[in-house]
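Down below is the structure, laid out as C-alpha coordinates.
The values are calculated or read from the model by the stated rules, or taken from the named source; none is laboratory data. All values derive from a computational prediction rather than experimental measurement. Cβ atoms come from the backbone with ideal geometry, glycine included; neighbour counts cover every protein chain shown. Only protein heavy atoms, including side chains, enter the accessible area calculation; ligands, DNA and RNA are left aside. Shrake-Rupley method; radii C 1.70, N 1.55, O 1.52, S 1.80 Å.
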Amino acid sequence: MPVDIVVMKAVNAENAARAAEVRAVLNQSGVLGLNLMSSPGSGKTTLLEAMFKHWGEDVRSCVVEGDVFTSIDAERIAKHGVEVIQVNTEGSCHMTAHMLKEILPRLALENTDVLFIENIGNLICPASFDLGEHRRIALISTPEGADKVEKYPKLFSVSHANVISKADLADVLEFDIAAVTKQLKKLNPEAPVFVTSAKTGEGVAEFCEWLLSENKETDN
Ligand code: MG
Ligand code: ZN
(Lines give C-alpha, C1' and ligand atoms only; values in the text may rest on other atoms or scores of the structure.)
(Ligands and ions follow the chains in the order given, each with its own letter.)
Protein backbone atom coordinates (compact mmCIF):
# COMPACT_ATOMS: atom_id res chain seq x y z
CA MET A 1 0.00 0.00 0.00
CA PRO A 2 1.22 3.54 -0.76
CA VAL A 3 1.39 4.59 2.89
CA ASP A 4 3.63 1.64 3.69
CA ILE A 5 5.96 2.55 0.85
CA VAL A 6 6.32 6.09 2.17
CA VAL A 7 7.24 4.78 5.60
CA MET A 8 9.82 2.43 4.12
CA LYS A 9 11.39 5.24 2.15
CA ALA A 10 11.70 7.40 5.26
CA VAL A 11 13.38 4.58 7.17
CA ASN A 12 15.76 3.83 4.34
CA ALA A 13 16.68 7.49 3.84
CA GLU A 14 17.38 7.81 7.54
CA ASN A 15 19.52 4.68 7.48
CA ALA A 16 21.45 5.84 4.41
CA ALA A 17 22.25 9.17 6.10
CA ARG A 18 23.54 7.46 9.25
CA ALA A 19 25.53 5.00 7.13
CA ALA A 20 27.25 7.85 5.30
CA GLU A 21 28.22 9.36 8.67
CA VAL A 22 29.62 6.06 9.89
CA ARG A 23 31.63 5.62 6.67
CA ALA A 24 33.02 9.15 6.97
CA VAL A 25 34.25 8.47 10.52
CA LEU A 26 35.86 5.20 9.41
CA ASN A 27 37.54 6.89 6.44
CA GLN A 28 38.84 9.65 8.67
CA SER A 29 40.31 7.08 11.05
CA GLY A 30 41.72 4.93 8.25
CA VAL A 31 39.65 1.97 9.41
CA LEU A 32 38.36 -0.66 6.99
CA GLY A 33 34.74 -1.52 7.83
CA LEU A 34 33.41 -4.98 7.01
CA ASN A 35 29.86 -6.24 7.35
CA LEU A 36 29.58 -10.02 7.76
CA MET A 37 26.20 -11.44 6.80
CA SER A 38 24.89 -15.01 6.83
CA SER A 39 22.40 -17.32 8.45
CA PRO A 40 22.91 -18.35 12.11
CA GLY A 41 25.53 -21.02 12.60
CA SER A 42 27.28 -20.57 9.28
CA GLY A 43 30.59 -19.78 10.95
CA LYS A 44 30.96 -15.98 11.04
CA THR A 45 32.48 -15.95 14.52
CA THR A 46 34.59 -19.02 13.76
CA LEU A 47 35.97 -17.41 10.60
CA LEU A 48 36.84 -14.29 12.61
CA GLU A 49 38.70 -16.43 15.13
CA ALA A 50 40.67 -18.10 12.33
CA MET A 51 41.52 -14.69 10.87
CA PHE A 52 42.73 -13.32 14.20
CA LYS A 53 44.96 -16.36 14.55
CA HIS A 54 46.28 -15.83 11.01
CA TRP A 55 47.00 -12.11 11.49
CA GLY A 56 48.31 -12.26 15.03
CA GLU A 57 49.50 -8.80 16.04
CA ASP A 58 49.98 -7.61 12.45
CA VAL A 59 46.44 -6.39 11.95
CA ARG A 60 44.58 -4.58 14.71
CA SER A 61 40.95 -5.62 14.63
CA CYS A 62 37.87 -4.77 16.59
CA VAL A 63 34.45 -6.33 16.41
CA VAL A 64 30.86 -5.20 16.82
CA GLU A 65 28.89 -8.34 17.56
CA GLY A 66 25.26 -8.22 16.64
CA ASP A 67 22.99 -10.70 18.35
CA VAL A 68 19.31 -10.83 19.09
CA PHE A 69 20.13 -11.86 22.67
CA THR A 70 23.22 -13.12 24.57
CA SER A 71 26.90 -12.25 24.35
CA ILE A 72 28.17 -15.77 23.61
CA ASP A 73 29.97 -14.75 20.40
CA ALA A 74 31.44 -11.59 21.94
CA GLU A 75 32.93 -13.66 24.75
CA ARG A 76 34.58 -15.92 22.16
CA ILE A 77 36.07 -12.89 20.36
CA ALA A 78 37.31 -11.31 23.60
CA LYS A 79 39.37 -14.42 24.34
CA HIS A 80 41.57 -13.49 21.36
CA GLY A 81 42.45 -10.18 22.97
CA VAL A 82 40.38 -8.32 20.38
CA GLU A 83 38.27 -5.34 21.38
CA VAL A 84 34.61 -6.29 21.05
CA ILE A 85 31.29 -4.59 21.72
CA GLN A 86 28.08 -6.53 21.89
CA VAL A 87 24.87 -5.15 20.44
CA ASN A 88 21.71 -6.92 21.50
CA THR A 89 18.87 -5.96 19.24
CA GLU A 90 16.28 -7.49 21.60
CA GLY A 91 14.36 -9.21 18.88
CA SER A 92 15.20 -7.14 15.82
CA CYS A 93 16.54 -9.36 13.03
CA HIS A 94 19.08 -6.97 11.50
CA MET A 95 21.44 -4.16 12.50
CA THR A 96 20.98 -0.56 11.40
CA ALA A 97 23.46 2.23 10.70
CA HIS A 98 21.99 4.11 13.66
CA MET A 99 23.25 1.36 15.99
CA LEU A 100 26.74 1.66 14.50
CA LYS A 101 26.70 5.44 14.79
CA GLU A 102 25.91 5.13 18.50
CA ILE A 103 28.67 2.61 19.07
CA LEU A 104 31.55 4.19 17.12
CA PRO A 105 32.56 6.62 19.89
CA ARG A 106 33.07 3.67 22.22
CA LEU A 107 35.63 2.02 19.93
CA ALA A 108 39.35 2.83 19.94
CA LEU A 109 39.39 3.55 16.20
CA GLU A 110 42.80 5.23 16.39
CA ASN A 111 44.26 1.82 17.30
CA THR A 112 42.24 -0.13 14.74
CA ASP A 113 42.93 -1.29 11.19
CA VAL A 114 39.81 -3.36 10.59
CA LEU A 115 36.34 -3.10 12.11
CA PHE A 116 34.26 -6.25 11.72
CA ILE A 117 30.52 -5.97 12.10
CA GLU A 118 29.07 -9.42 12.68
CA ASN A 119 25.48 -8.91 11.63
CA ILE A 120 22.48 -10.78 13.03
CA GLY A 121 22.28 -14.31 11.63
CA ASN A 122 19.67 -13.82 8.93
CA LEU A 123 19.75 -14.22 5.14
CA ILE A 124 17.08 -11.63 4.37
CA CYS A 125 16.98 -8.08 5.73
CA PRO A 126 20.67 -7.48 6.55
CA ALA A 127 21.11 -7.27 2.76
CA SER A 128 18.96 -4.11 2.71
CA PHE A 129 20.71 -2.09 5.43
CA ASP A 130 23.94 -0.26 4.71
CA LEU A 131 25.79 0.00 8.04
CA GLY A 132 28.48 2.34 6.76
CA GLU A 133 30.81 -0.53 5.94
CA HIS A 134 33.24 -0.52 3.02
CA ARG A 135 32.70 -4.13 2.13
CA ARG A 136 29.88 -6.60 2.64
CA ILE A 137 30.83 -10.25 3.00
CA ALA A 138 28.20 -12.97 2.65
CA LEU A 139 28.80 -16.48 3.93
CA ILE A 140 27.16 -19.75 3.03
CA SER A 141 28.21 -22.85 4.93
CA THR A 142 28.11 -26.37 3.53
CA PRO A 143 25.61 -27.72 6.15
CA GLU A 144 23.01 -25.13 5.07
CA GLY A 145 22.67 -26.73 1.67
CA ALA A 146 23.50 -25.39 -1.76
CA ASP A 147 19.97 -24.19 -2.46
CA LYS A 148 20.34 -21.20 -0.10
CA VAL A 149 22.03 -19.14 -2.82
CA GLU A 150 19.06 -19.58 -5.09
CA LYS A 151 16.53 -19.05 -2.30
CA TYR A 152 18.13 -15.88 -0.89
CA PRO A 153 19.82 -14.32 -3.92
CA LYS A 154 19.83 -10.73 -2.68
CA LEU A 155 22.32 -11.30 0.13
CA PHE A 156 24.79 -12.93 -2.24
CA SER A 157 24.34 -10.31 -4.95
CA VAL A 158 24.85 -7.16 -2.83
CA SER A 159 28.05 -8.57 -1.32
CA HIS A 160 31.59 -7.62 -2.34
CA ALA A 161 32.84 -11.14 -1.64
CA ASN A 162 31.12 -14.45 -1.04
CA VAL A 163 32.56 -17.08 1.27
CA ILE A 164 31.76 -20.78 1.27
CA SER A 165 32.56 -21.87 4.82
CA LYS A 166 33.00 -25.29 6.48
CA ALA A 167 34.50 -26.60 3.23
CA ASP A 168 35.94 -29.54 5.15
CA LEU A 169 32.39 -30.96 5.41
CA ALA A 170 31.56 -30.59 1.72
CA ASP A 171 32.17 -34.22 0.73
CA VAL A 172 30.21 -35.82 3.53
CA LEU A 173 27.30 -33.40 2.98
CA GLU A 174 27.48 -33.78 -0.79
CA PHE A 175 27.74 -30.02 -1.16
CA ASP A 176 29.06 -29.32 -4.65
CA ILE A 177 31.52 -26.47 -4.09
CA ALA A 178 32.26 -26.04 -7.79
CA ALA A 179 28.57 -25.77 -8.67
CA VAL A 180 27.82 -23.28 -5.88
CA THR A 181 30.86 -21.20 -6.84
CA LYS A 182 29.55 -21.06 -10.39
CA GLN A 183 26.11 -20.04 -9.14
CA LEU A 184 27.58 -17.27 -6.97
CA LYS A 185 29.69 -15.97 -9.86
CA LYS A 186 26.66 -15.91 -12.12
CA LEU A 187 24.64 -13.99 -9.54
CA ASN A 188 27.44 -11.58 -8.66
CA PRO A 189 30.28 -11.69 -11.22
CA GLU A 190 32.26 -8.90 -9.53
CA ALA A 191 32.54 -10.63 -6.17
CA PRO A 192 35.31 -13.16 -5.64
CA VAL A 193 34.34 -16.47 -4.04
CA PHE A 194 36.49 -17.81 -1.22
CA VAL A 195 36.30 -21.44 -0.17
CA THR A 196 37.27 -21.64 3.49
CA SER A 197 37.53 -24.00 6.40
CA ALA A 198 38.33 -22.58 9.81
CA LYS A 199 39.07 -26.15 10.87
CA THR A 200 41.78 -26.94 8.30
CA GLY A 201 42.73 -23.33 7.61
CA GLU A 202 41.87 -23.68 3.91
CA GLY A 203 41.31 -20.34 2.20
CA VAL A 204 41.73 -18.21 5.34
CA ALA A 205 45.04 -16.64 4.25
CA GLU A 206 43.69 -15.86 0.77
CA PHE A 207 40.57 -14.24 2.20
CA CYS A 208 42.61 -12.17 4.69
CA GLU A 209 44.91 -11.03 1.90
CA TRP A 210 42.02 -9.99 -0.33
CA LEU A 211 40.40 -7.97 2.47
CA LEU A 212 43.50 -5.89 3.02
CA SER A 213 44.24 -5.44 -0.67
CA GLU A 214 40.86 -3.77 -1.20
CA ASN A 215 40.82 -0.02 -1.44
CA LYS A 216 39.05 1.18 1.68
CA GLU A 217 38.60 4.75 0.53
CA THR A 218 36.10 3.84 -2.17
CA ASP A 219 32.48 4.63 -1.57
CA ASN A 220 30.02 1.88 -0.91
MG1 MG B 1 28.39 -15.68 15.46
ZN1 ZN C 1 15.47 -7.68 9.95
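A few points about this structure:
- Sparsely packed loop sites in the stretch 11-57 (the GluC sites (Glu not before Pro) outside DSSP H, G, I, E and B with at most 16 other Cβ atoms within 10 Å) comprise Glu57.
- Here is how the number arises for the chain: DSSP H runs of 4 or more residues each give -39500 (n - 2.57), the sum is divided by the residue count, and the result at 222 nm is -11500 deg cm²/dmol.
- For the set Ile164, Ile85, solvent exposure ranked by accessible area (probe 1.4 Å, protein chains only) runs largest to smallest as Ile85, Ile164.
- Relative contact order, percent, the chain [alpha-carbon distance under 8 Å, six or more residues apart]: 25 percent
- Computed over the stretch 4-214, the Cα gyration tensor eigenvalues convert (square root of 5λ each) into semi-axes of 25, 21, 16 Å, ordered from largest to smallest.
- Taking other residues whose beta carbon is less than 10 angstrom from the beta carbon of Gly41, and scoring Lys, Arg as +1 and Asp, Glu as -1, yields +1.
- Cα-Cα over 20 Å, subset of Lys53/Lys79; Lys79/Lys148; Lys154/Lys185: Lys79/Lys148
- Loop trypsin sites (Lys or Arg not before Pro), the stretch 72-174 (other Cβ atoms within 10 Å of the site Cβ: 12 or fewer; DSSP): Lys79
- Dipole of the stretch 93-154, positive end: most advanced residue of His98, Ser141, Phe116 [Cβ charges, Cα centre]: His98
- Cα centroid separation, the stretch 19-88 to the stretch 138-189 (Å): 22 Å
- All other residues whose Cβ lies under 9 angstrom from that of Phe175 are scored, Lys and Arg at +1 and Asp and Glu at -1, for a net of -3.
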